[in-house]
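Please read the structure below before turning to the comments.
Each reported figure results from applying straightforward, stated rules to the coordinates on display, with no laboratory input. This is a predicted model, so every value here is computed, not measured. Please note: Cβ atoms are built from the backbone with ideal geometry, for glycine as well, and neighbour counts cover all protein chains shown.
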Amino acid sequence: MLYLSTRGHPDRKRFCEILLEGLAPDGGLYLPERYPQVDAATLARWRGLPYADLAFEILSLYIDDIPADDLRALCRKTYTAKVFGTTEIVPLRKLEDGVYLEALSNGPTLAFKDMAMQLLGNLFEYELARRGEELNILGATSGDTGSAAEYAMKGKKGIRVFMTSPHGRMSPFQQAQMFSLQEPNIHNIAIEGVFDDCQDIVKAVSNDLAFKRQWRIGTVNSINWARLVAQVVYYFAGYFQATQSNEQKVSFAVPSGNFGNICAGHVARMMGLPVERLVAATNENDVLDEFFRTGTYRVRGSADTFETSSPSMDISKASNFERFVFDLLGRDGERTRRLFGPELAAKGQFSLASEVAEARGRYGFASGKSTHDNRLVTIRDTFERFGTLIDTHTADGVKVAREQMQPGVPMIVLETALPIKFASTIVEALGREPERPAGFEGIEQLPKRVQVMPADVDGIKRYITQHCA
């Protein structure tokens, strides 16, 4: 299996090369040359497999430069009941007629990002040991990626993490999860700006090829293909739990900010998973909903990015969207490069009005938007009617899922995080604090280790250099 850039770079690379690289040399994102096809017989064989073995089966279609026995061992090391709380790893539970919640937040940091990040930490450690190399990870987080990455990488040999986050824009619990870590290989950098400023810094550093190579810079954001392909697994796992046979179809409602989570669903659907619809649920930062409604992709600046009660989705530049657009344009790398390079830089937007019907039809995408008031109503209603407490992002997903349901097609909402991470909104909705899992008592009062810095690429480079020398 070889990988190519969405922007047309001629090089083709193996999985372990792009695992450590992040962005392609031309600034594009890596995708496989083709999506492996899964037939009915394969689906039947996979149905009922333990999650770790299902992960191995799917990942082995994309990873052929790690010996099969080693990859299987890495999957079994990652996906255990001890780490994720249940033998199912991602148990599905019925919420109401036709609507299901897939639990993705039982990992170490109580968010769905653990599902891929725990594997990524083990893959990094394995490959770096095999090469006798070190890696400096530069990441950006709007809330959950950072803690998931840091918990997966803390204490890992040969790895340093430099995680940027928007100063003051995460929940107190999210900040405490990251900033309370004292491991010397973990560096937290609070950027004076919004998440998109953090993401722009990561991309700018990754596009400085000389600096990237000198300091061995890698990424853990969902621009890293390894993280995205790990997320494909739970789409298959959710499907198998929601259906009795492979003739049935399901839809997925996915809280969406950076388009990584739902892009994994797109990959699963392209492989042959029987998915009817992929429903992107946004908050007030509705750049993705606007695209799927109108065909216009219009990024916003910092001043126009709203601070909301589902802060992990306070994103106005959806990095992974480029992967889908590449497929939507028939894998035209040059056109993708023009759209996401010169055109977006010059105009701040582009239009694919003639293609958006295909996005909805051939690729099954739909979308919707949720606001703070919608969140409060959905959290309150879901708790009062079903005794289920959901977080703010999952509430966005449930609200939009209910609007997009189709008769006879199960709708699976991908859970985003546990409610404790957004306690103030839960209190506003229900008048009570959410349950705090064991081990997280008093986390907000722990000593914090964080550096506040302006949104300056050169300043971040200097910081990395000082802490790697």
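Tabulated values for the structure
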item	result
From the C-alpha gyration tensor of region 232-362, square roots of 5λ in Å	27, 19, 11
Ellipticity estimate at 222 nm from DSSP helix runs (n ≥ 4, -39,500 (n - 2.57)) divided over the chain, nearest 500	-13000 deg cm²/dmol
Size-normalised alpha-carbon gyration radius of region 1-149, reference 2.2 N^0.38 Å	1.15
Lys/Arg +1, Asp/Glu -1 at C-beta; the chain dipole; positive extreme among Leu414, Cys468, Val250	Cys468
For the chain: relative contact order, % (alpha-carbon pairs under 8 angstrom, 6 or more apart)	20
The chain: Cα Rg divided by the 2.2 N^0.38 Å rule of thumb	0.90
Most to least packed among 54-64, 282-292 [average Cβ atoms within 10 Å]	282-292, 54-64
Under the Debye formula (equal points on every Cα, no solvent term), log10 I(q)/I(0) of region 43-94 at q = 0.18 Å⁻¹	-0.61
Karplus (6.51, -1.76, 1.60) ³J(HN,Hα), θ = phi - 60°, over region 462-468, in Hz, Gly and Pro reported as x	4, 4, 4, 4, 5, 9, 10
Where the Cα pairs of region 309-383 fall when distances are cut into 5 Å bins, in %	3, 12, 18, 20, 14, 13, 10, 6, 3, 1
Cα gyration tensor of region 128-232 - equivalent ellipsoid semi-axes, whole Å, descending	21, 16, 14
Centre separation in Å (Cα based) which lies between region 1-63 and region 191-269	13
Mean projection area, nm², convex hull over Cα of region 361-434	5.4
Set of lysines near Lys157 by C-alpha distance (under 24 Å), chain-local residues within fewer than 8 positions excluded	Lys77, Lys82, Lys113, Lys212, Lys448, Lys461
